[in-house]
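Following: one structure in structure tokens, then a few remarks.
The values are calculated or read from the model by the stated rules, or taken from the named source; none is laboratory data. Computed from a predicted model, the values in this text were never measured in an experiment. Cβ placement follows ideal geometry from the backbone for every residue including glycine, while neighbour counts extend to all protein chains displayed. What goes into the accessible areas is simple: the full protein's heavy atoms, side chains included, and nothing from ligands, DNA or RNA. Shrake-Rupley method; radii C 1.70, N 1.55, O 1.52, S 1.80 Å.
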Amino acid sequence: MPTVQQLAAELNSGIIDGLIKNARAVPADKLAWKPLDLGRSVLNQIAECAVITKWVIKLIESRDVPELSNEGYADSVAALEDVNAAVAALESAKVELKSVIETFPSEHLDDQVTLPFFPDPMTFAAIFYIPYWNNTYHIGQICYIQTLLGDTTSH
């Protein structure tokens, strides 16, 4: 039976691989395209996933909430200006996240912290899954964009 850390590390790694695979399936000339010019592009979503995953890594490492202002978040996302930079950042984050989760001490899994976007305190065991659910959500968004572009293949 895997530990909480092993399971979280593997699920996060797998979902990041799937996110990258789906993003890479979008034609290069459509990576910045936005549905109805109102939605978010594939590139913007991949960049967000890299930024949020890196933020969670800092949270787990420090066991304290790192600052991430709206401006700082926007600047970090904008800095990943092309798909190769965003994917590289996400690949790097995948490796770091796996390591920081796998080495997290079991005796601190139930330690809690309150995040700025959740009203209730969360355990670190639960925090391990923030990148997982965020990245899973964005795979769905990217798959939706793919269908709007006529791609109905499962990637």
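Return the pair list, or none, for Cβ contacts closer than 9 Å from residues in the range 114-133 that are at pLDDT 95 or above to residues that are among the aromatic types (Phe, Trp, Tyr) and assigned to a loop (DSSP other than H, G, I, E, B), at least 6 apart or on different chains.
What qualifies is Phe124/Phe104; Ala125/Phe104; Phe128/Phe104.
Take the range 102-125 and flag every residue that is open to solvent by less than 40 Å² (accessible area, probe 1.4 Å) and either more than 15 Å from Val56 (Cβ to Cβ) or of a type outside the set (S, T, N, Q) (or both).
Step one: filter the range 102-125 for residues open to solvent by less than 40 Å² (accessible area, probe 1.4 Å), giving 104-105, 109, 113, 115, 122-125.
Hits for the range 102-125 are Phe104, Pro105, Leu109, Val113, Leu115, Met122, Phe124, Ala125.
Take the residues in the range 126-155 that are over 16 Å from the mean Cα position of the chain (by Cα) and within 21 Å of Ser13 (Cβ to Cβ), then tell me which one is surrounded by the most Cβ atoms within 10 Å (Cβ to Cβ).
Narrowing the range 126-155 to residues over 16 Å from the mean Cα position of the chain (by Cα): 144-155.
Adding the requirement that they be within 21 Å of Ser13 (Cβ to Cβ) leaves 154-155.
Values: Ser154: 8, His155: 14.
Among those that are over 16 Å from the mean Cα position of the chain (by Cα) and within 21 Å of Ser13 (Cβ to Cβ), it is His155.
Would you pick out the residues in the range 63-79 that are of a type in the set (S, T, N, Q) and open to solvent by 60 Å² or more (accessible area, probe 1.4 Å)?
Filtering the range 63-79 for residues of a type in the set (S, T, N, Q) gives 69-70, 76.
Asn70, the sole residue that qualifies.
Does the range 4-23 include one or more residues that are more than 30 Å from Ser106 (Cα to Cα) and surrounded by fewer than 20 Cβ atoms within 10 Å (Cβ to Cβ)?
Yes, the range 4-23 contains a residue that is more than 30 Å from Ser106 (Cα to Cα) and surrounded by fewer than 20 Cβ atoms within 10 Å (Cβ to Cβ).
Mind listing just one residue for me: the one in the range 60-72 that is free of Cβ contacts under 8 Å to residues at least 24 places away in the same chain and not in a loop (DSSP other than H, G, I, E, B) and, of those, nearest to Ile101 (Cα to Cα)?
Only one residue fits best here, namely Ser62.
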